Structure formats: structure tokens, C-alpha cells
Amino acid sequence: MMSAERWDRLKDLFEAALALLAPQRASFIEEACRGDPELKAELQELVANHEALGRFLSGSSPGPDYTLPAGATLGKRFRVVRPLGKGGMGEVYEAFDQELQELLALKILRPELALNSESVTRLIQEIQLARKVTHRNVCRVFDLNRGTHEGRSIVFITMELLAGETLAERLRRDGPLDAVTAAEIATQIAAGIDAAHAAGIIHRDFKSANVMLVRLEGNTTRVVVMDFGLARNVACNRPALTAPGMIAGTPAYMAPEQLAGEAASRASDIYAFGLVLAEMRAGELEPEWKTAVTRCLERQPSKRPLSAGAAIGPISRRAGEDSRWIAVACLIALAVIVALFAGTLRFLKGRSTVHEGAQLMLADVVNSTGDPQIAGVGVELRRELAQSAYFNLWDDDRRRAVLQQMGRPADTALSGEVARETALRDGVPYVLFGTVAPLGDGFAIDLRLEELEPHSIFSGRHWVFSTPAGTRAAMHDAVHDASRWVRSTMGESSKDLIASDRPPQDITTTSWEALTLYAEAEQARTRNSQDEAVTLLRRSVALDSHFALGYMRLGDLLLTMHQQGEGIRAWEAAVAEASRLSLTRREELRIRGLFASEVQDYTNAEIAFSQLEREYPRDFLWSFYLGDALRWQGRFAEAAQRLDSALRKNPASVATMSNLASTLLLGNRLDELNRILQSLASSAPDLAAYYLGLRAFANEDYPGAIAALQTAAASKNPDRSNRANTGLACVLAELGRYSEARQVLEEGIRAATAAARPGARADKLLMMAYLDLRQNRRADLRGRCLEAVGVEDSPQRTARSAILLARAGYFDDARKFSQALTQFPVCPLITSAIQRINGELDLRQAHIASAVKFFEAANRVEPRVRLKDYLGRAYTASGNYAGGIAAFSRIANTPALLWETVDFDYPGILTDSLLDMAQCAESAHDRAGFARALELYARRRSAPDDGIPGAADVRRRLSNSWAPGN
Amino acid sequence: MGPTGEITQLLLRAARGDRAAEDVLFPIVYGEMRKLAAYLLRSERPDHTLQATALVHETYLRLTGEEGIAWQNRSHFFAIAARTMRRVLVDHARGMNASKRRSVRVSLESALVYSDEQSGEVIALDEALTRLAVWDARQCQVVEMRFFAGLTEEEIAHVLGVSVRTVKRDWTMAKAWLYKELSHSLSDCDPKTVL
């Protein structure tokens, strides 16, 4: 007998019962319904039903709804037996061919794709080729057919039905293989690949998931390669969310030229084959395996083996010698698995098939526990998810820009509808909502993953997950579970999960307080309160001195704020902690790379960023930094390639365009430079003007250079105008127009002071100090140098000042600064600086041999692109005129190096070196060399200030010393 | 203002609680949805399936012609659509020959996938819901919106003006109660197949 009051009571009791753990419910019901058997019966039944349903419905994902039901017949011939899986391009079924009385696999194209006639045509072409290959190691493709179902036309392909498991699954299950087994499998794969290549088919998406191991009678295994050439023909279904230049394919297996956007080829198949060879083995490889893998993985496609069989020649020979192949022992026949064209195969668990590399936005995690310390959960979850190379966590730094677009304040919380809209605007297809809610004695994390439909704000599919209730101590595990669920729902294979899966407490900190402070600092960063963030982070690392993440962030911020000294120290601490496994792989590599770049250790920077680029190929940043590292090493062509790649991945990056411009300028690739300058001209005309100025200088168009740099210096962007101002002063100094150069620098100093940029001011003081050196105004030089160093903690500036002081004869000052540098970590930046200072001290005091030694050591350590004028001066002084001329020639012949002098050297130093070169040539009685240097000098300093030697002065002074007739 | 503008206006008013606007909307929505459902269900094949959310979206688009309308208004539409959907399907089910009964799995978490074999189950569900509404109108609404229109918990919370937590609680209990009711009324089929 029900009534409104009873109903409400029933509701309350039901909710109370569910809040308890299952075993406790029975007694609770007993107690609460004492004296009311009807109520008790109702309540018991409700709770029992809930428990039954709960098991039935928990963690459910929407089941796949297949187009074809069992029993449907296509083309009056093929009867669907059952569905097997879904791929990116269509659904796969097991079917029975009624005419030929046998089972086969049937793959239907998604209807939207079937309507695209261009796709279908391309598919037909591929199938025409594929049909011709009858090889036991290649999956047979039979035909392309059409049928109708429910009035709709269906395009489908019939193929061989294969029963077994993929190589990827086998490796996941059993781990790597022994040499003999792997050799046998490799031999069969190679035979398959070569057979297809011979028929003119390129696979384009070869990977271990495309290799099927079919168990035969007698315990032998037939290895079958699937999905030849069929993967990449059809256009992606989500044009709105396809970034221009998005790479189709499995990035992890792609050859470098494919990643760079070139078409697939036999050679790129060979590259992927090499990766699979490596995947099959582990540990210390035998020499023949190493050779095979290395040859396949050659960066240059032309250097790779011409065929897969040739690649594994040494391996199969060896295997044949060792023993007969032992049949594969444990193949578990799972459900029948059939070839899919694209994407990765998924079982019927309603798993998602998410495009690899898709972006996922983590909306602000809602903390409804009332406990502020739970803020750390969001941080941990974010970083756990960031470990995935399968999808990209949306960069939180984008939020300000996008929110601004939406007309919302920058600190708007990303939750609910705001998150969805932000995601849609930024082309992010997946949003993850999380709530931490109290549950019983502890907390639970509720997650909801949504797939957004393009062009609309209707939610598409969604998946939900809850972690079991836990106390705060178990929160790490809960986050870990939550993150694994997200990653696997997003479709990451288990192998990838395991490979890059560190438990959260390893990658953050064991101190909740430190983590909370970190979370607050991140908030402050979003609000652009950098000082506050720095303070919070300093406190967090004080709480936990092993908090690598905190150090890393602290370093990031400090360097942005130009506090190079403390910033480097913070990063150094992060790197030190990183080696104790407290950062994710991605962070560890990033820190190593950035730290190496900052201290001018470009060889190590190259290593770190190459790895990052390979493992996270969709992040343009790694290509960007790699390009930077290569540029500094003087490898301009390679640098340009990487920067091009970065630009393809993020066409809007002005920083990339800018770096590319300087790279092309240095590498003297003027056509390409023009193109980049055109792009820059539309997005950042002030930067374009800057590079135009540099280029004009390199072309000896000095008025043009001045005009362009003046334009650039008028920029509203303080950083850019600052740099252009210095650049302008440098050009004027090169031309010998010192008083104008000084005026420009004074203006720049005023501007920097007004903009509260003490670092910029200090740099300009140093520039003027160099002019003081050339004009022998020693006292002014000293004053400026000391002032510059006092401004802020920058080892680079300290080094530059010390060099000038040494050259001017202020030995004590120089030594003091050199001493100060020794408290920094040992790194190329510091080492070379100390050596240069020592070298200048020695040179000034005529200890030539010692000076040469120091400078040679510095030369070895400094990046190639740096000016090495000191070498030239030392060699000249030591009588090694050939060395001197060589060093100076490089400077003389590369006027594009003006770019480098603006940030790292001094104004006018290029032309000053010409003078030194002339002197060196004179000492060497090298008339031709002398003439050359003088010519260029004359063109530069055609109208110098008084007191600055012009060409006539130089000729007069120097050639006097030559005896007539020489 | 063309017909699409009118619907939007009505929606906006209904979203602000204008009962009269809702009353005007209902038959329009019902008419449109019935046409669509008839079109989708008209096939001579017995195994035809219908996705309720697809139907609702489609109706919405046809009526408003707008894809970018703010979701608050959309939710209200869906609330109406949910009731309508229920009516449409039940009417259709009653019209079918209820003797055909083959159980097809339907997931409660996703939208209802209706097929003619289930006409008996749908009628039973409808009746159970009607009974539920007597005791707890809000729980019934939650089920309707969740089940027939595929609204999310946040959206339901917004439409009903309650917290998400409340929606969750309602949903949990409603499911359990319906399961109970359906096991009593459908003695010869496993309620799991409906729920």
C-alpha cells in the first residue's frame, strides 16, 4: 500500500542503503524497516534489483549498432553470419558465400564514404592491384561488390577470412620473441611485403597490428600481412576537425619522409618493417638483427634495403643455420579476427575507435568534496593523461586565447557548456569531465568522456566511469585507474599503456601540500600572475625537494621572466630529479632538451628533441626546438626541414616562421626565404621587416637595411621593437656610424626603462660598452659593464661583460666575474664563457700561447654558428696567420651572421673583424687576402664617423709597412 | 520571421517557463516527429531499427533549422521531445501486431533502440512509467528525458531545475523500481531485455 509519505520514505531509505557497502545493506534494511514488513519487502526488492542492474549496466559504453544484422544477404549471394568489428572506414562481418559455399570476410564502406566517388575510384584502383597478389603471406582480396540493404546502396569488399591473432596481440600477451621464432615470422612477412611490392602495391600503414598469425594444422603458423594500400585512400570523415597538414597513418611507424609530408613509398614500408623487427625482439640484439634494423631505419630512403627480403638476409641465413623453426607454441584462437582496412582492430566491447592523435580536453575537474587539497587530483589526472602518445591532451595554455575569442574573461572555469564550446571552437573532438565527490568515508572520481559532433553542440557518444570509493590515501590509485580508463577508452592499445604508464605518485610528489601549492600556481599562471606563481612554486619545492615537476615549472617561469640564473638552477634541479624517475618521459625529455638548449649544449638538445619528435609527432614544438638546435650547429638544411615540419603542424606559429627565416638567411637559401617573409608579412609584419633588414645588410643594401630595421623598431610589440632597435644600432656600427648607433641605443634604453625591462636595458648597455672599447673610452666601458651585470642574475650577461672588461684591461673585475660564473652548473655556456674570459685576459697580457689554448677550447665547446673572432685575434697574435685568415674569412663571408651579433655578440664586430683580417693578411704578406678584406671594409665603412678608420686610412697605415715590389 | 524563427521564439519562451508556449509547441513537435518516425519505421523489413536520439535531433533540425542554438533552449526542446517520443513510440507499438515477440537487447544508458518486436515491452514500459508518475513525477520525467531523448544528467538537471546529484538519485531509483515493475508485468520475458 503506497502513499506519498511512504514513497518518500522509501526513497530516503533506498539512498541510504546504497551509500553503504553491499554486505552492510541487509542489516541496515532490517533495522530501518523494523515493524513494517511491507516496506521492508519493497526496499529489499528495490535494492536487489539495483544490484542486479548495476552489474548489468556498470561501465557500459554504447554498444555498436551495426548496419547489417545477422542473416542479411547482400548481392543475393553473401549472407551475414555475424559482425566482427569496426574500423575507421567501415564495418567488418563474417559472411557465408552461398555460391561457393565458404566463409569469408566482408567489409562494407561507411555510406558517407561510399558516396564520395573519388574515394571509391581510388579504392577500386588499389583493389585491382591487390587482387592480383596471390601469396600465402598476403591477405587475399577477392572483389569489390555492391549490394543493397534497406534501400541503400552498399559498397563492400570480400576478403579472405583469417583466424588467429595479430602480431601486436601476440607480443602484448607473451612479450618479445626469441631469435628463431622472430626470424621465421620476419621471413614470412618479408615475403609478403615483397610480393605486394612486386605487384606495385605499397602498404602505407605497415605495423605489427597488420600482421596476422594464423595457426595451421600440425602446429605451424602462417603469417599474413593485411590491409595493403587500402588504409589511406579514403578521406577522413571529420573535415572540420582535420587540421591542415594532418598526417593520416600511424605516426609511430611512419618513416621520417612520411612525417615530413612526402608520399609513402616502398622505402617507407621498409622503414616500418624495420620497426616491427625491433618490436619483435628485446634486449641486446645479435649483430645480424642490429644490422637489419639499422639499415631499415636509415633516415635517407635511398639508403634503405631495396626489398624486405634483402633487409633480413643475414637474419634468415643465421636462423637457417641455427635450427629449424619451432612451431609457435601458444596461439590462443580468440574470436575470429579479420583484416580491417584502417584504424586499429577492436573487440566487441563497444570500445571507441578514436583517431590516433586526436585531441582531448580535460575540463576543470570539479571538486565537490569541500576539501581544498583535492585540487591535486586535477593536476595528477592531467599529467597521467599527458603520458599518452596516442592522443594529445589539449594544451591548457590555449584557453586564454579561445576564451577571449568567445568574449569571456580569461579566468572562466572550463566546465560544462563552456568547456564544450571552447573545445568546439578549438577543434577538439573529445572532452573529459571529472568530478571528485564525497562518497561514504572517502571520495570517488566520476568521469564522463564526451565525443563532440562537429558543427553542433549536440553531444555525440559518451562514456562514463566511476572509481570505487577510496580515502585520500588511495587517491593516487584512483587517479591511476581513472587515467587508464580514459586512455583505453580512447583506444590506446594495452602495450602503449604499459610502455608509458608511470603511477601518479612517481610523477608528482608524495606531498599533498606541495601538490596543492602547485595547483594554485597553475591557476595563478592562467591569470597571468607570474610573480605569484613563482612564489607558490618556490614554497612547493621547499616542501618537497624532490618535486621535479615543481622545479620544472619554476624554471619555465623564471626563464620567461628573464631570470636566467635561478631559472637554470631550477631546471638543473628538475633534470637531476628526473633521473630519479619522477617525471613522465615526455617531461623528462622536454626538460633535458630545453635545459640543454639554454646552456648551448645543442648536441644533447638535438638528441632529446629528436626523441620527442619521434614519440610525439603531432606536437610542433619538438620539431621547432629540434630545428633550433640544428641551426646552432650550422646544419642549416636539416634545420630548415625540421622547421618546415613544425610549420606544417602549426601553420600559425610566428616563432617558427621567424626561426625559419633566420635559418634560411644563414644557409643562404634566398628563394625560400622570400616565401617565408611573405607569410610573415601578413601575420607579423614587424618581424618580417626585421628579417628584411638583416637580408638587406647581407646583400650590402645598407640604406635598405636601415630603413627596414627602423620600420621594425617602430613595432608596438616591446620585444620585437627592442630587438630591432639593437639590430639597427648594430648595422649603424658596422657602417662605422658610431654616434648614430649610440643614439639609437640610448633611445632603446629609454624605451626599455619605460617598459620596465631591466634586462633589455642591460643588454644595450653592454652594446654601448663595446663601442666604448673600440673608441678607447675605458672608464665608460667599466661603468656600463658593472651596471649591466648588477641588473639581474644572468650568466650570459656576466660573461659578456667580463670579456669586455678583460679586453679593456680591467683584470680584477674580469676575474671576479669569472669566479662568479663557476657557481653555475658545468655546461657549455659556462665553460666556454670562462675559457673565453681567461683567453682574453691572457691575450691582453701577451701570454699568447696560453690564450690560444683557452680559445681553442672555447671554440670546441661553443656552437658552430657563434662568431669566433677571438680565435682569429689569437692566431694572428701567435703568428698563425693561416689560422687567423681562416677564422676571419668565415666571418667576412657570412654577413648573415649579423643576426647572431644582435643577441650574442657586439655591434660592428663583423666589420671590425675585417680590419683584423686585413692586419693579419698584412702580417702574412698576403696581398690578395689583404685586398679582399679591405674591399669589403671599404664598402661598409665608406662614410664612418671621425675617429673610426675608413678604408683610405687603413690602406695608408697598413700598406706603408710593405716594401715596394712585394 | 519565417517558421523556423517562430519555433525558436516559442522555445525560448518555454525555456523561461511559459506554459502557453509549451502547449503550442507540443502538437507541432509531435506532428513533426510522428511524420519522421513513420518514415523511418515504414519499411517492410521486420528488423528495422530506430534510434530515438537521432529522431529527436532530426526533428529539432527540421523545426528550428538551427544547429547552434544555445543548449539551454535545446534542453527544453528535448524535454518536450522526450514526452513526444514516448507518445509516438507507444502509439506505434499499440498499432502493431503485438504477437511478434523476440527479445532484443536495449541499453538503458544509451537511447532506446526500438524495433517492432518490442512493441509489447514498450507498452509495458509506458504503463509502468505512468504508474511511477503518480508517486514521483520527477522520476518519471528523468526517465523520459534520459531514455527517450538521451539527455545528459546535466541537461536534465538544468531543465528540471535541480542538482545533478538529485538527477542521479532519481535515475538510480527509477531504474530499480521499473525493473521491479516490469518483472511483475512481463512474466514471460526477462526485464533486462527491456531495460
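Here is how the numbers come out for the structure above:
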item: For segment A:529-542, Karplus couplings with θ = phi - 60° (6.51, -1.76, 1.60), whole Hz, Gly/Pro x; result: 8, 5, 4, 4, 4, 4, 4, 4, 5, 4, 5, 5, 6, 5
item: Neighbourhood net charge (10 Å Cβ-Cβ; Lys/Arg +1, Asp/Glu -1) for residue A:930; result: 0
item: Where labels lie 7 Å past Cα in the beta-carbon direction, separation of residue A:546 and residue A:714 in nm; result: 5.9
item: Inter-chain Cβ neighbour average for residues A:418-430, partner chain, 10 Å; result: 0
item: Extension gain (nm, one decimal) between residue A:263 and residue A:523, 0.36 nm per residue minus Cα-Cα; result: 89.2 nm
item: Relative contact order of segment A:904-958, defined on C-alpha pairs under 8 angstrom at six or more residues apart (%); result: 29
item: Least to most buried among A:801, A:610 (fewest other Cβ within 10 Å first); result: A:610, A:801
item: Fewest-first ranking of B:18, A:411, A:227, A:772, using other Cβ atoms within 10 Å as the exposure measure; result: A:411, B:18, A:772, A:227
item: Which of B:132, A:106, A:554, A:452 has the fewest Cβ neighbours within 10 Å, and the rest in rising order; result: B:132, A:452, A:554, A:106
item: Part-to-part distance (alpha-carbon centres) for segment A:153-185 and segment A:377-417, which is given in Å; result: 38
item: Integer Hz, Karplus 6.51/-1.76/1.60 couplings in order for segment A:870-875, x for Gly and Pro; result: 4, 4, x, 5, 5, 5
item: Protection-proxy order for peptides B:20-27, A:757-764, each taking the mean of Cβ atoms within 10 Å per residue, highest first; result: A:757-764, B:20-27
item: In nm, spacing of pseudo-spin labels at residue B:87 and residue A:146 (7 Å Cα→C-beta vector); result: 4.3
item: Distance (nanometres) between label positions extended 7 Å along Cα→Cβ at residue A:668 and residue A:97; result: 6.4
item: Residues with amide H under 5 Å from that of residue A:461, placed H, sequence gap 5 or more; result: A:451
item: Cut-off under 5 Å, modelled amide H: who pairs with residue A:161 long-range; result: A:105
item: Phi-based couplings in Hz for segment A:146-155 (Karplus 6.51, -1.76, 1.60; Gly and Pro marked x); result: 10, x, 10, 8, 6, x, 9, 7, 10, 9
item: FRET efficiency, 1/(1 + (r/R0)^6) with R0 41 Å, evaluated for residue A:410 and residue A:8 via beta carbons; result: 0.35
item: Long-range amide H partners of residue A:439 with built H, under 5 Å; result: A:444
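Read-outs: derived from the displayed coordinates by stated rules, not from any lab. Since we're looking at a predicted model, the values are computed, not measured. All Cβ positions, glycine included, derive from the backbone under ideal geometry; neighbour counts span all protein chains shown.
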